[in-house]
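So the structure is just underneath, and the comments pick up after that.
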Amino acid sequence: MKRQRGAAPEPGCLRAWAAESEALSGRWRAARSAGPRGAEAAARQQRGAFGELLLRMRGLPAALPTLPLELTVLYNSLLFVLGTSDHVIEGEAEGIRQGLLRVLEACGSSGQDLSTEELWQKVLQEVTDETLRAPLHRLGALQAAWWLAASRLRSVAGLFQLLSSAEDLGRVPCSVGENELLALLKAWKVPAEVASMSLVQSAEDLKETLCTAAAFLQGLQEMEAGNLPAALSLLQEAAGGLCSKRVLAQIYTCLGCCARQMGKPQTALQHLKRALQVDFQCLPALYHVAAVYQELGETDVELQALGLLYEALEKKPPSAASSSPYFLIRTELLVHTPIHTSLLRHRQPSEVKYLLAQRCLQEGRVADAVEHYLDFLAVLQEGLQQQVPLDGGSALPRIPEAFLEAASALQQDGRHRDAITVCEEVISRTNDLIPRMLQVEEGLEQPESPSPGTGLAGGLLSRKKESLHCLTWRAAAYLHQGWAWVKLGENKEAVTQFSRCLSELLRFPLCGPGAEPTGNLLAEVEVLQKIRLLSLIGRGTQFLELGKHKEALLDFHYGLQVLPGDPTAASYLVQALWKLNRKQEAAAQWQKHLARPTGEDGQQEGQGRPFPLYLVSCVQQAAFPQRESLAGSIQDYMGTTSPHPCS
């Protein structure tokens, strides 16, 4: 290629630039040795200083004698740009493109119309000046960092294929099972550094960082794709690379999550504990430890882990100062994927407090559950919105559900009046959020793959679901109040609350016998059906207590219409018939109830999808308590009324 006609800068000017570059690099080395905090402040200062030096150098036409120094200053300048940013901004890599264009300009060529990938190909294939080899390779590694941060793995692989081909004239061999990108990165021979070209971060360190980031990033991508053995191998590769203790703890956390998904809980625990040993402030690892112990059924250890996590979050410790050397290009700047964000998400104290409450309630540790729920509700009542995350990754339920779960815990702890008060909060806050009548039209069923014309239907369906949720919470609150009054021995007040629950549910006419709710509202409708059944059973039992057997019989009949074949409603129906001295009908219903196979119609208790946690205590309270006694009476009656075989 022809060199550009034009004089190079004066030797004195070049020496002055080189001296200034060396001085700036020296200040950085001194600041870096003082520790990470001093290095961070110095990096911000040096970013501007190197940027100003680069502008002065680019004020003159490109010339081959100055390009090695100019590309080195560009390399140092961009290192500080990356090192002082919270994340990589792709547009900031434009300086690399300008540097490549100046190389072509000095050689009498151009490449303005080329893409960045094409520009690199042209430069590496056509520029043969040996003095530019090392600066271009370093700049190529820096370009790879930007592309890696943007998950442009093919571009990175193509660039390092070019860098290797420029030396070896051939494709880098990749053994069977070896990751191609990692093979290319490892095969790249870092050019020897010239003593006169002072670098703020060596190309060798940059190579090691790129290898670690590439393994980490690809491991996460394989994990997201469900290729767990490949993910495990890549994450193990990353764990052996160059990175800070903070990032190493994150890698071990991801290894633990990968092993957990592979069905290896003990291996998962080993990785997660290793993460905490490396960095005790890696709190996502502690969260995942609790999840593994939950899967293992080790409830005591699980709750202990959640308790430690809550205490650590409440203390809000300062960020741990890494004892690793401070590098401008760091792995954490280059690895960003949705699964990385999800697995390493930092929980809010309110989330962990709720998880403690929920798990205690699920495990029957009612007193502890009450304590945790009341603490959690206090956070909500105080309006500490910053402690209540609203993103989709949060472990928190909708707020009314948390109130209802708290009411359930209070009831199980014998604090029935407190439960009534908590439910009143739900009722008052949902009073104006439900339309007078709710209907679900067939046309509102949202298709699996919505087209541009389905936006209106989707919006209507969303609003319909939200109204159904509010109706469900309000009805469930009345249901809980009804059962609380039952426990307090106030039968008439209990009947009133059960009736209010049923009145609320009249806003949404449920399907009749034999009809099945379908589509996107199936789950919501099933919960409403269960609430209606529990309320009918509750009111019926109180009618029995009050001696109103006919009214009770009607409620149990209605209950069987809501959920045909429900064993609890059927048992109460038989009891009501028996108390009305309609023993033959009672026996017939009992035989019909016993003859029905469990799960035949999909409506038997314990079948189908699980119901919300806040309904579990109501289901338990509605359970038929006298099954054996009633069965004995029915069998005695049937034995005395059956005809003798010889008659």
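Values as computed for the structure displayed
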item	result
Mean shadow area of region 336-384, taken as a quarter of the surface of its Cα convex hull (nm²)	4.3
Rounded FRET efficiency, nearest 0.05, which uses the C-beta distance separating residue 315 from residue 128 and R0 of 51 Å	0.25
Net lengthening on full extension, residue 165/residue 94 (0.36 nm per residue, minus Cα-Cα)	23.1 nm
For residue 199, net neighbour charge (Lys/Arg +1, Asp/Glu -1) across residues whose Cβ lies under 11 Å away	-2
Whole-Hz couplings from phi, Karplus 6.51/-1.76/1.60, listed for region 545-551; x for Gly and Pro	4, 8, x, 8, 5, 5, 4
18 Å Cα-Cα reach of residue 592 towards aspartates and glutamates, excluding residues that sit fewer than 8 places from it in its own chain	566, 600, 601, 605, 628, 636
Residue 332 paired with residue 261, simple spin-label distance in nm, labels 7 Å along Cα-to-beta-carbon	2.3
Under the Karplus curve 6.51 cos²θ - 1.76 cosθ + 1.60, θ = phi - 60°, whole-Hz ³J(HN,Hα) for region 135-150, x wherever Gly or Pro sits	x, 5, 5, 5, 5, x, 5, 5, 4, 4, 4, 5, 5, 5, 5, 8
Potential lengthening between residue 187 and residue 584 on full extension [0.36 nm per residue; Cα-Cα distance subtracted]	134.1 nm
Projected area averaged over orientations for region 88-148, convex hull of C-alpha atoms, nm²	3.9
Within straight-line cross-link reach of residue 264, lysines at Cα separation under 20 Å, skipping those fewer than 8 residues along the same chain	273
Base-10 log of normalised Debye intensity for region 56-162 (one unit scatterer per alpha-carbon) at q = 0.17, 0.18 Å⁻¹	-0.77, -0.87
Under 5 Å, built H, 5+ apart or other chain: amide partners of residue 264	none
Normalised convex hull volume, region 221-338, alpha-carbon set, Å³ per residue	107
Summed side-chain charge close to residue 280 - residues other than residue 280 whose Cβ falls under 13 Å, Lys, Arg +1, Asp, Glu -1	+3
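Laboratory data are not the source of any read-out in this text; all were calculated from the coordinates shown. Model, not experiment: these values are computed from the prediction. All Cβ positions, even for glycine, are placed from backbone atoms using ideal geometry, and neighbour counts span all protein chains on display.
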